[in-house]
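Report on the structure given below.
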């Protein structure tokens, strides 16, 4: 087994809270997000998610719990053969919902993130910022209880970063707990929010 | 309002964006899936061709056996003290007195001369030569007569007569036919084995390019069974397309050969082909076998696709409990 990436971390993410997760590159931000998303199990220690110990959740139950979490991957992970609209609607589609039941919601969200004119476009044609926004919209579409975003403003200019931040704040006001992993200090300075700083596997929290 | 005004009016309002009809979650065509369809078509063609070939060889071998064992021959050697015609009639009478015999035919002098013509030429006068004469008796294959009893009675009454029940020939033919069928079945086994492996590996190859789709679906909350079903549907379509094309082509080959054979009856080419392969018709059983092969291939691809997708999901989940295996995780 390799060296420990994270150790002695104790923290909680309260409901409806908003926090930044920051630290230098390689500090373990992405690993921590993966632990929170239940795509990794801790080698020791305990992580409780929605009142369950994630190490003991049986595999078939994971999709149901993941439906309560929205995640924005650093590399977007949009499906190249689906349009912006179809990519954003994907979480609802895999839940077996009928297209007519969510079409208006998806179109509204796309307008809200500024992609109202790009609904029928494939990801290959979208700019980095547009892909970023489509990935964020996909994470938000089912009103998750927790939103995890890995460097969500990494590919956009400062005005767009500001717009995306407002989007996360708006979502937070509607009741979603938000964790944004970033090392963009300028972005963090724009909001009075809890900061979780990871350094060499340790975590310091500034309320 | 004039047309121009109407156009202007329409131009001032931005039309509502229309969503295109929702596309399938698994991309409908790409290079891998086209290549898979071609591989499946080729393997289906070869498998069906072998299947039809083996069924043809079996039918031909079975007909050889039954034709040759349907007859026995009584041969009477000439002798100075023997009235050949009386002996022939007597032999036929004796043979037909046994249960299990059907008809008896004495080979007359002309027929005997024709039999010897390839060796002795057309101008043969059979009376000048001490040529043995034959009586051909057809027998009931299901209920053959007692050959030993017939042999001894013939010997008692006509010492110059010998009975040939073709046992040696039949035995040789049976073993040859069995060997031919065994070789055919072995080749069919090999072709089917190769087909299964090729289809399984080609399906897995085509799926490897779709790993990111499985991953994204899994992470946006799709259950494993949902992802499995989507891929299963996709691969069933590809394999049905491929195996239907291959099987149809094989069926056409047999139908074409059978047609050619029926059109060219009694030509030297056809006689030669018929002697080698028998008739090209594979019958309803053969076409049913071709259809079954097509379904087996389609099922095989679909099941492989499902198992591969399930294993991919299992691997993604496996990383949860083995953090050392982050090699396939995205950054």
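Structure data summary
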read-out	value
Region B:23-87 - Kirkwood radius from inverse mean 1/r over Cα pairs (Å)	18.1
Ranked A:13, B:40, criterion: other C-beta atoms within 10 Å, fewest first	A:13, B:40
Space enclosed by the convex hull of the alpha-carbon atoms of the protein assembly as shown, per residue, Å³	279
Cα-Cα P(r), region A:1-111, percent of pairs per 5 Å interval	2, 8, 17, 18, 17, 16, 11, 7, 3, 1
Between helix A:84-94 and chain A: long-axis angle, C-alpha atoms, 0 to 90°, nearest 10	60
Between helix A:128-140 and chain A: long-axis angle, C-alpha atoms, 0 to 90°, nearest 10	80
Percentage of interatomic Cα-Cα distances in region B:70-165 larger than 23 Å	27
Order of B:252, A:188, B:56 - criterion: other Cβ atoms within 10 Å of each residue's Cβ, fewest first	B:252, A:188, B:56
Antiparallel %, DSSP beta bridges [both residues in chain A], to 5	30
Debye intensity ratio in log₁₀ form over the Cα atoms of region A:18-206, taken at each q of 0.08, 0.18 Å⁻¹	-0.26, -1.29
Simple spin-label estimate for residue A:11 and residue B:80 in nanometres, 7 Å along Cα-Cβ	12.7
Förster radius 45 Å - calculated FRET efficiency between residue B:93 and residue B:174 (Cβ-Cβ, nearest 0.05)	0.90
Residues B:259, A:85, B:284, sorted so that the one with the fewest Cβ neighbours within 10 Å comes first	B:284, B:259, A:85
Computed FRET value (nearest 0.05) for residue A:48 with residue A:207, which takes r as the C-beta separation and R₀ as 22 Å	0.60
Inter-label distance, nm, simple model (7 Å from Cα along the C-beta direction), residue B:229/residue A:117	3.9
Nearest-ten-degree value, helix A:99-112 long axis tilted from longest Cα axis of chain A	80
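None of the figures in this text is laboratory data; all of them are computed from the coordinates on show. Just so it is clear, the model here is predicted, and its values are computed rather than measured. Positions of Cβ are backbone-derived with ideal geometry, glycine not excepted, and every protein chain shown enters the neighbour counts.
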